[in-house]
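Taking it in order: structure first as structure tokens, then the write-up.
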Amino acid sequence: MEFDFYKIQSAGNDLILANFSDIVFPSDLELAKLAVNACRRDYGIGGNGFIAIKEISSETVEAFFINPLGDYPTTTIDAALCLSRYAFDS
């Protein structure tokens with residue numbers, strides 16, 4: 001699977017942001033595996049979390065935060081700030 005991504009930092013945390021709004025959105029299991037592999041510092045891009053954007057428009061943003069373990073916890077403040085900035089700039 002090919003997709004564009006950004007590595008964004010906020011308050012010392014680095015996050016990987018991927019916009020899937022123009023391609024087929026992966027299943028929950030595929031997304032969790034992708035996040036685990038991408039967040040690995042010794043093998044992947046490296047990061048403290050993964051933000052996957054499902055849909056973005058001028059009115060709404062639907063996105064998911066996945067931690068490096070592949071879990072879907074409550075979004076962190078850093079992830080929300082990074083997503084907000086990306087949405088604003090887009």
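Taking only protein heavy atoms and a 1.4 Å probe, the accessible area of the chain is 51% carbon and sulfur. Summarising the strand pairing of the chain, around 75 percent of its internal DSSP beta bridges are antiparallel. With a simple spin-label model that places each label point 7 Å from the Cα along the Cα-to-Cβ direction, the separation between Y72 and R40 comes to 2.3 nm.
Rounded to the nearest 20 debye, the dipole size of the chain about its Cα centre is 300 debye, using +1 on the Cβ of Lys and Arg and -1 on the Cβ of Asp and Glu. Phi angles of the range 32-47 translate, via the Karplus equation with coefficients 6.51, -1.76, 1.60 and θ = phi - 60°, into HN-Hα couplings of 5, 5, 4, 5, 4, 5, 5, 7, 5, 6, 8, 10, x, 6, x, x Hz per residue; Gly and Pro are given as x.
The Rg/Rh ratio of the range 42-90, with Rg taken over Cα atoms and Rh as the Kirkwood radius over Cα pairs, comes to 0.99.
Of the residues L29, L15, L69, ranked by 1.4 Å probe accessible area with the largest first, the sequence reads L69, L29, L15. Per residue, the chain exposes 63 Å² of solvent-accessible protein surface, assessed with a 1.4 angstrom probe and all protein chains in place. Net charge of the neighbourhood of A38, taken over other residues with C-beta under 15 Å away and scored Lys/Arg +1, Asp/Glu -1, is -2. Cα-based values for the chain, radius of gyration first and Dmax second, are 12.0, 38 Å. The region of the chain that goes longest without hitting one of the GluC sites (Glu not before Pro) in a DSSP loop, each with at most 11 other Cβ atoms within 10 Å, is 3-58. The chymotrypsin sites (Phe, Trp or Tyr not before Pro) of the chain meeting both criteria, a DSSP state outside H, G, I, E and B (loop) and at most 14 other C-beta atoms within 10 angstrom of the site's C-beta, are F3, Y43. Taking other residues whose beta carbon is less than 12 angstrom from the beta carbon of K54, and scoring Lys, Arg as +1 and Asp, Glu as -1, yields -4. Toward the positive end of the charge dipole of the range 1-85, with +1 on the Cβ of Lys and Arg and -1 on the Cβ of Asp and Glu, the farthest Cα among P26, S84, G47 is that of G47.
Among the trypsin sites (Lys or Arg not before Pro) within the range 5-90, those in coil by DSSP and having at most 15 neighbouring Cβ atoms inside 10 Å are R40, R41.
The values are calculated or read from the model by the stated rules, or taken from the named source; none is laboratory data. Bear in mind that the values here come from a model prediction, so they are computed numbers and not experimental data. With ideal geometry, Cβ positions are generated from the backbone for all residues, glycine too; neighbour counts draw on all protein chains shown. The area values use the complete protein model at the heavy-atom level, side chains included, leaving out ligands, DNA and RNA. Shrake-Rupley method; radii C 1.70, N 1.55, O 1.52, S 1.80 Å.
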